[in-house]
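The values are calculated or read from the model by the stated rules, or taken from the named source; none is laboratory data. The structure displayed is predicted, hence computed values, not measured ones. Cβ placement follows ideal geometry from the backbone for every residue including glycine, while neighbour counts extend to all protein chains displayed. For the accessible areas, the whole protein counts, side chains as well, though only heavy atoms, and no ligand, DNA or RNA atoms are used. Shrake-Rupley method; radii C 1.70, N 1.55, O 1.52, S 1.80 Å.
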Amino acid sequence: MNKRYFIVSLLIGITTFHMACTAQPITPARPAPAAAAPAAAAKSPDSDPLAFHRLHKPSGKRNRPPAEDGIHDPGNDGTHALLAPLSVFPSLPKANSGNRVDWVQALAAGTIKPRADQADATEEIVVMDLNIVREVKGSMPNVVYPHKQHTEWLDCSNCHPGIFVPLKGANQMSMAAIMLGQQCGVCHGKVAFSISECRKCHSQSKEPNPAPAAK
Amino acid sequence: MKKLTTSTGWHAVLGLPVMLALAWVEVPVARAEYGDVVINNYSDAAGMRPVVFPHWFHRLRFRCNVCHADLGFKFKAGGNEINMVKIIDGQFCGACHNGDVAWPVENCDLCHTGKPGTPSQVHESDIQQFAQPMGSTNKK
């Protein structure tokens with residue numbers, strides 16, 4: 001009886017230790033030593049060629065409570081007093097990226113009623129309904145930028161003139177700049193919906209391509 | 001019988017903390033909520049945990065304009081030079097975290113919740129999510 005307990009706990013201990021040793025360490029606090037990384041990667045479950053989500057976060061690891069989210073310190077008492085995202089998110093409209101909440105839809109549907117003023121809950125925000133169409137190069141559909149959804153959340157001064165000159169044609173845009181956190185990327189890809197939601201912006205079909213000329 | 005119980009207890013006492021410790025070591029993957037901002041301009045140097053600001057929690061209650069236009073927060077993680085004196089004097093977080101709109105500043109460990117050493121950043125941003133070579137050390 002006694003011996004069996006010891007062997008079982010020893011086996012579990014060794015297995016856990018092995019898993020701990022081979023896990024891919026990617027925290028900013030503890031970067032992997034460059035020399036040790038290839039050896040660790042070779043045995044890591046992350047490198048299993050048949051595994052799903054080898055490079056991305058599986059659904060079960062999204063929206064974790066603060067104490068389990070990897071960035072809050074579970075050793076801090078206050079961490080355990082914080083609200084868990086999933087105590088709210090299931091009642092909000094779903095999205096496919098970011099924190100998986102469609103915030104614009106949640107506001108439009110009245111699911112959430114965020115204040116437009118720090119202290120005055122009755123203050124109304126000034127909404128401007130003006131679409132800007134940007135014709136884009138390449139095969140992607142044109143971008144339709146809706147002022148309405150943006151001014152539901154933001155003030156004009158948040159974007160104009162610091163990020164965008166308020167003049168049609170005056171702003172040279174590029175996806176590379178956006179991905180690096182400029183232009184739309186100041187918010188999109190950080191807090192607002194992710195840049196992986198291509199079709200939310202690229203929403204206006206172009207004229208169909210002319211048929212290639214017969215040889 | 002008495003000896004057996006004591007001995008079993010000894011193994012459990014030894015094994016459980018070891019396993020818990022190993023399980024904790026196994027969870028180094030940073031995966032905070034999309035839009036969580038870590039602010040660590042001065043915290044680490046002052047012996048405090050860095051601040052983790054949850055955007056999702058705040059946007060349930062406030063529109064962006066409240067902080068980013070009315071209170072003057074720049075759209076840049078760590079770009080606001082916030083310190084406790086400014087907060088106590090009612091600037092930045094202190095505009096609401098004054099015991100009136102939201103809980104007051106003496107609740108240090110509700111904001112200073114980050115793991116020590118975590119740099120200022122917008123967590124889970126797209127640029128952090130791009131697939132990177134295995135063992136890459138530049139993941140924020």
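Computed quantities for the displayed model
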quantity: Selection within region B:63-86 - part of a loop (DSSP other than H, G, I, E, B) and at the interface with chain A (Cβ under 9 Å from one of its Cβ atoms); calculated: B:63, B:71, B:75, B:76, B:77
quantity: Number of the condition not met by residue A:150 [criteria: (1) open to solvent by 70 Å² or more (accessible area, probe 1.4 Å); (2) at pLDDT 95 or above]; calculated: (1)
quantity: Flag for residue A:51 being more than 27 Å from residue B:43 (Cβ to Cβ) and open to solvent by less than 20 Å² (accessible area, probe 1.4 Å); calculated: no
quantity: Scan of region B:87-98 for residues that are farther than 25 Å from residue A:188 by Cα and either open to solvent by less than 50 Å² (accessible area, probe 1.4 Å) or facing another protein chain (nearest Cβ under 7 Å) (or both), ordered by number; calculated: B:87, B:90, B:94, B:95, B:96, B:97
quantity: Contacts under 6 angstrom Cβ, first residue in region A:182-205 being farther than 17 Å from residue A:103 by Cβ, partner surrounded by fewer than 19 Cβ atoms within 10 Å (Cβ to Cβ) and of a type in the set (Gly, Ala, Ser), 6 or more apart; calculated: A:183/A:177
quantity: Enumeration of residues in region B:99-126 that are β-branched (Val, Ile, Thr) and either open to solvent by less than 40 Å² (accessible area, probe 1.4 Å) or free of Cβ contacts under 8 Å to residues at least 12 places away in the same chain (or both); calculated: B:101, B:113, B:118, B:122
quantity: Failed criterion for residue A:139 (all others in (1) more than 30 Å from residue B:117 (Cβ to Cβ); (2) at pLDDT 95 or above hold); calculated: (2)
quantity: Single residue of region A:54-74 satisfying the filter (more than 9 Å from chain B (Cβ to nearest Cβ) and small (Gly, Ala, Ser)) that is most open to solvent (accessible area, probe 1.4 Å); calculated: A:59
quantity: Subset of region B:45-66 that is out of contact with any Gly (no Cβ under 8 Å at 6 or more places or on another chain) and closer than 15 Å to residue B:108 by Cα - its residue that is surrounded by the most Cβ atoms within 10 Å (Cβ to Cβ); calculated: B:53
quantity: Any hit, region A:88-111, residues being under 24 Å from residue B:107 (Cβ atoms), out of contact with any strand residue (DSSP E or B) (no Cβ under 8 Å at 6 or more places or on another chain), open to solvent by 60 Å² or more (accessible area, probe 1.4 Å) and in contact (Cβ under 8 Å) with a residue 12 or more places away in the chain; calculated: no
quantity: Candidate set from region A:83-93 (those that are assigned to a loop (DSSP other than H, G, I, E, B) and more than 7 Å from chain B (Cβ to nearest Cβ)); member that is nearest to residue B:119 (Cα to Cα); calculated: A:84
